[in-house]
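Undergrad: I'd like to ask some things about the structure below.
No value in this document is a laboratory result; all are computed from the given coordinates. On a predicted model such as this, the values are computed, not experimentally measured, just so you know. Every residue, glycine as well, gets a Cβ built from its backbone with ideal geometry; the counts of neighbours run over all protein chains shown.
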Amino acid sequence: MDSDGNMKRRLLIQRRVLGVIFMEVFLLIAYAFGVPCKNPPFFQRALEEKKSILIILEPEIFFCPLCLEPVIHFVKKLRVHGRDCLVTGVFIWRKEGREKSQKSLKIIEKKIKGFVEGNEIRFPVILDKYHVFDGLNIETPVIILLDRSQNEIHKYTLPLSQKQRGEIFGLK
């Protein structure tokens, strides 16, 4: 695909991701002010859940066992305590640094697939190969929590403290 086609695809994905994020923030604000909203079926599950979790990672984490361990631990905790959360994982594929080739992209996609299967991850995990998240200045791994029950948005870096795990999963 030519660069113009890649640019169009990237813009389309950016719009969709930003649309979902905008809808989450809008619903959070509407909920905070008690504004009733008619919701399209696409967002029905998101509204039924009190919390949404976005896990942001970089593929380089696969080459650092000490970095990967807290992610695996968090995923295991999600299986037990995060059943009432809407969860999405995003691997950021940054443009800067070495040039990303199709071959290296396929290798990373395979590593992500193995990571998902090996850790029995049941939520969607997406590779941001169109650089939607490039503008964000985020050190990974990061957990973003949208908590509609408390009208709050939180950002956490892994590894989590016991207090942070309690905040995310509602544990004392």
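Undergrad: Net charge around GLY114, counting only other residues with Cβ within less than 15 Å of its Cβ (Lys, Arg = +1; Asp, Glu = -1)?
TA: Net charge in that neighbourhood comes out at +1.
Undergrad: Long-range amide H contacts for HIS131: which residues qualify at under 5 Å (H placed 1.01 Å from N, peptide plane, sequence gap of 5 or more or a different chain)?
TA: For HIS131, the qualifying residues are TRP93.
Undergrad: Right, another one. Label ASP134 and PHE63 with points 7 Å out from Cα along Cα→Cβ: what is the distance between them in nm?
TA: 2.0
Undergrad: Could you line up ILE126, ILE143 from fewest to most neighbouring Cβ atoms inside 10 Å?
TA: Ascending Cβ contact count within 10 Å gives the list ILE126, ILE143.
Undergrad: Can you give me the long-range amide H partners of ILE121? Hydrogens built in the peptide plane at 1.01 Å from N, cutoff under 5 Å, separation of 5 or more residues or another chain.
TA: none
Undergrad: Between VAL80 and LYS103, what is the label-point separation in nm under the 7 Å Cα-to-beta-carbon projection?
TA: Inter-label distance under the simple model: 4.3 nm.
Undergrad: What does the charge add up to near VAL80, with Lys and Arg as +1, Asp and Glu as -1, over the other residues with Cβ less than 13 Å from its Cβ?
TA: +4
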